[in-house]
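**Q** First, the structure itself, so that you have it in front of you.
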Amino acid sequence: VWTVQRTPEIAVLKAVGASTRYLVKDAVGQALVLLLLGTVLGAGVATGLGVLAAGVVPFVLDAATVLVPMGLLIVLGLLGAAVSLRQIVSVDPLTALGSAR
């Protein structure tokens, strides 16, 4: 969704000379930052809630229980971002700018 919404901006960047490589690195970098922040925040909240609930229910947490799902989420998120990269690679600046008017 982010890439589709930014198609006119991507077209402008391409029109003024931004390389496809730069645009791909930018998109992957932004996706990675969001994925890392989201998974770390989610793991922190889940761990905190687990510790709070430990008085009521049994709670055991080891590194694999947290790190494996985090890794899977990051990998799957990057794969999802890769699908949207087709838009960046194939966008034609003239067509995209014409549709933005």
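**Q** Residue 1 versus (1) under 25 Å from residue 84 (Cα atoms); (2) at pLDDT below 90; (3) more than 16 Å from the chain's Cα centre (by Cα): which is the lone unmet condition?
**A** Unmet condition: (3).
**Q** Please determine, by comparing only the residues of the stretch 72-81 that are touching a residue at least 12 places away in the same chain (Cβ under 8 Å) and among the hydrophobic types (A, V, I, L, M, F, W, C), which one is farthest from residue 13 (Cα to Cα).
**A** The qualifying residue farthest from residue 13 (Cα to Cα) is 73.
**Q** Pick from the stretch 46-77 the residues that are surrounded by 14 or more Cβ atoms within 10 Å (Cβ to Cβ) and within 17 Å of the chain's Cα centre (by Cα): which of them is farthest from residue 21 (Cα to Cα)?
**A** In this case the residue turns out to be 69.
**Q** Right, something else. Would you pick out the residues in the stretch 80-96 that are farther than 13 Å from residue 24 by Cα, surrounded by fewer than 16 Cβ atoms within 10 Å (Cβ to Cβ) and among the aliphatic types (A, V, I, L, M)?
**A** 94
**Q** Show the residue pairs meeting these rules: Cβ distance below 7 Å; 6+ apart or different chains; first residue within the stretch 7-19 and more than 15 Å from residue 85 (Cα to Cα); second residue of a type in the set (Val, Ile, Thr) and not in a loop (DSSP other than H, G, I, E, B).
**A** If the second residue must be of a type in the set (Val, Ile, Thr) and not in a loop (DSSP other than H, G, I, E, B), no pairs are left.
**Q** Hey, another quick one. What pairs can you find where one residue is in the stretch 53-71 and closer than 15 Å to residue 41 by Cα, the other is among the aliphatic types (A, V, I, L, M) and surrounded by 10 or more Cβ atoms within 10 Å (Cβ to Cβ), and their Cβ atoms are less than 8 Å apart, with a gap of 6+ or different chains?
**A** Once the first residue is closer than 15 Å to residue 41 by Cα and sits in the stretch 53-71, its partners that are among the aliphatic types (A, V, I, L, M) and surrounded by 10 or more Cβ atoms within 10 Å (Cβ to Cβ) give 66/43; 66/46; 70/40; 70/43.
The values are calculated or read from the model by the stated rules, or taken from the named source; none is laboratory data. Values in this document were obtained by computation on a predicted structure and should not be read as measured data. For neighbour counting, all protein chains shown are included, and Cβ atoms are generated from backbone atoms with ideal geometry for every residue, glycine included.
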